[in-house]
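Values in this text are rule-based calculations from the coordinates and carry no lab data. What you see is a predicted model, and the numbers here were worked out from it, not measured in a lab. All Cβ positions, even for glycine, are placed from backbone atoms using ideal geometry, and neighbour counts span all protein chains on display.
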Amino acid sequence: MSQPHQRCRCATLKNGFPAAAVLCYASHPSLGMTMMGPPTLGRTCTREHRVDTVHPMCVACMESGDMPTLAWACLQDAGRLSAHGHALRGHATPCLGWQPLSEAKWMELSRARPRRHRPSSPGYDHGQDAPVAAMKPLCLAVQGVVGPFWPFQAALTGTAGGHRIAAFPNREAAMKYLIDCVYLLGLAAVTPKMLYRVLVHKRYRTGWAQRLGRLQRRRPQDPCIWIHAVSVGEVNATRTLVRTLQQRRPDCEIVISATTDTGLARARALYAEPYEVFYYPFDLSCVVGRALRRLRPNVILLMELEVWPNLVRQAHRQGIAVLVVNGRISDRSLPRYRLIRPFMRQLFRHVSCVLAQSQEYAHRFIELGCPPDRVEVVPSLKYDTAEVTDRVDGAEALAGQLALDRDTIPLWIAGGTGPGEEAIVLDVHRRLLAEPGLERLCLAVVPRKPERFDEVAALIERRGLSYVRYSRVKAGAERVHTTPRVILGDTMGDLRKLYSLATGPVFVGRSLVPMGGSDMMEPAALGKGTIFGPHAFNFRQTVEALLQGEGAIQVQDAEALFQAVRRCLTDPDYAARIARNGREVIRRNQGGTERTVAAVLPWLDR
């Protein structure tokens with residue numbers, strides 16, 4: 001309560017109980033009320049109430065007999081009028097009287113006096129017909145103690161003390177502080193690791209101003225779309241979307257954020273001026289608020305499932321449309337989200353629209369609480385970004401730098417590999433070199449994470465294979481005259497060029513180990529025989545489409561990988577059929593960009 005001494009002059013009702021905007025526990029101990037704060041402060045009477053507690057009370061209705069149900073209502077609506085015409089000072093709440101009012105009567109009373117603030121959400125339900133339209137009460141249940149954590153329970157679940165709460169006065173505030181507390185606890189846990197990285201690695205010392213929401217101020221008169229993608233794959237999926245949005249609305253400014261270092265590097269490589277590219281700010285409420293004030297976006301597009309709680313809630317409060325684009329919930333993520341379903345249900349209430357990649361993903365969003373009328377199925381944007389072509393800009397220059405002669409030196413690729421896969425791939429490559437006609441075979445291996453480049457280089461050395469690090473060649477520190485047995489692709493943004501140079505198959509990594517797989521649409525669209533392991537569960541829809549169309553090969557282990565690669569290298573007709581079918585699958589599933597743009601643009605003009 002902003003003023004410690006609140007006074008409310010109300011008519012005394014039957015049985016001597018006051019129908020007051022404040023009710024002190026001291027005057028009516030029989031009510032059995034448990035208060036958050038000092039339970040007995042000040043002197044009270046039925047005519048004039050002097051209350052020193054921080055949580056004023058209002059009698060909402062009579063539950064049974066002479067026992068009223070109280071409603072906690074610390075509202076930030078000073079200056080409003082109650083149904084009985086009592087001015088509400090500070091954080092006091094409307095006085096509804098002793099008996100429950102009918103909905104018609106309440107609406108009549110609530111319209112009798114104008115309010116300065118937007119009316120609150122209607123009603124709460126504790127088993128009686130007691131609709132309330134001008135306040136957001138929390139029913140605390142006079143019989144039994146609710147418990148010390150009822151604010152968080154109410155914020156998360158909408159219930160407390162066995163009572164369903166249709167509208168909680170400070171649920172948004174409680175949720176904001178709860179989320180910030182969780183973030184700060186997590187930050188405390190990872191601070192030692194973060195400090196170590198900052199001290200040891202230079203790349204962790206940059207971008208802190210952006211992560212704290214100190215972004216470049218944008219011209220408020222121009223419409224703006226903020227697109228957020230977590231890492232490289234999601235950033236790549238924005239290519240055709242950004243291009244089409246800019247063509248349809250050249251007056252619209254588009255800003256792009258990414259969470260990871262690799263995602264930011266890829267975004268900066270794709271989007272030069274006039275696009276603004278920055279690190280996604282920490283999802284603390286104060287930081288997100290600062291970022292929104294500086295960017296002033298009209299629409300926020302979250303790629304796949306980057307639904308950050310404070311961003312979504314604050315954007316909703318400011319009237320900014322939030323859309324989940326290219327939405328999916330993986331098999332691995334779904335059980336974790338189910339554990340916090342009440343929280344996700346509250347969060348999805350603030351999401352304007354979800355464009356799911358498939359009907360299965362749409363059902364998962366609805367299961368987690370997204371309203372069904374806000375979910376639409378749209379083909380994955382990655383089918384559109386997987387450009388069907390035979391030529392990739394920069395590929396020929398890369399081939400010249402590496403002395404690759406595609407007519408005489410067969411090349412196969414292992415792209416986006418994860419821990420444990422490089423050893424398998426290198427052993428398969430050594431076996432292939434012993435096969436007749438494959439003595440000059442070259443392998444290009446590209447780890448998914450940059451921090452593993454040195455580790456993979458050491459692994460190649462231990463295998464006794466000649467190799468070259470493309471980063472040194474690209475920087476001019478090393479020249480290649482004879483094609484080595486292995487090329488280590490230790491740069492960002494060059495994987496697609498290597499894919500286009502492959503004369504043999506492409507193995508898509510993170511799939512022989514249980515890591516979910518990597519994007520297999522790119523090599524399929526480039527007309528390469530695509531191979532992946534049994535653990536590509538993050539791309540299940542694409543896997544099923546490619547396998548049904550006989551446009552890819554799925555292997556179960558290292559031996560199967562060896563057999564598949566050898567057959568593709570020694571049976572050109574078989575490899576060409578796989579590549580041709582893969583391209584056709586990609587073509588059939590394209591068109592998601594146009595449908596996504598058609599769904600986004602109406603929100604921009606609201």
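Under the Karplus relation 6.51 cos²θ - 1.76 cosθ + 1.60, θ = phi - 60°, what is the ordered set of whole-Hz ³J(HN,Hα) values for the stretch 545-556, x standing for Gly and Pro? Once rounded to whole Hz, the list reads 5, 5, 5, 5, x, 6, x, 6, 10, 10, 10, 9. Couplings 3J(HN,Hα) of the stretch 255-263, computed from phi: 10, 10, 10, 9, 8, 8, 4, 5, x Hz, in residue order, whole Hz [Karplus 6.51 cos²θ - 1.76 cosθ + 1.60, θ = phi - 60°; x for Gly and Pro].
Counting every C-alpha pair in the stretch 206-379, the share spaced more than 19 angstrom apart comes to 56%. List residues of the stretch 513-546, by number, whose backbone nitrogen lies under 19 Å from a label position 7 Å along Cα→C-beta of A576. Flagged as within label range: 524-530. The Cα center of the stretch 185-207 and the Cα center of the stretch 492-508 differ in position by 33 Å.
Backbone geometry of the stretch 201-207 corresponds, through the Karplus equation with coefficients 6.51, -1.76 and 1.60 at θ = phi - 60°, to 3J(HN,Hα) couplings of 10, 5, 5, 8, 8, 9, x Hz, x marking Gly and Pro.
Evaluating kT/(6 pi eta Rh) at 25 °C and 0.890 mPa s, with the Kirkwood radius of the stretch 523-606 over Cα pairs in the Stokes-Einstein relation, gives 171 µm² s⁻¹.
Cross-link pairs exceeding 32 Å between alpha carbons, from the set K474/K528; K202/K528; K382/K449; K176/K382; K449/K528; K193/K382: K202/K528; K176/K382; K193/K382. For the stretch 395-588, the equivalent ellipsoid built from the Cα gyration tensor has semi-axes of 24, 18, 16 Å, listed from largest to smallest. Expressed in Å, the radius of gyration and Dmax of the Cα atoms of the stretch 317-463 are 22.7, 68. Under a 5 Å amide H cut-off, with hydrogens placed 1.01 Å from N, V555 pairs with F532, G533 among residues at least 5 apart or on other chains. Each of the peptides 427-439, 185-197, 590-602 was scored by the mean count of other Cβ atoms within 10 Å over its residues; in descending order, highest first, they stand as 590-602, 427-439, 185-197.
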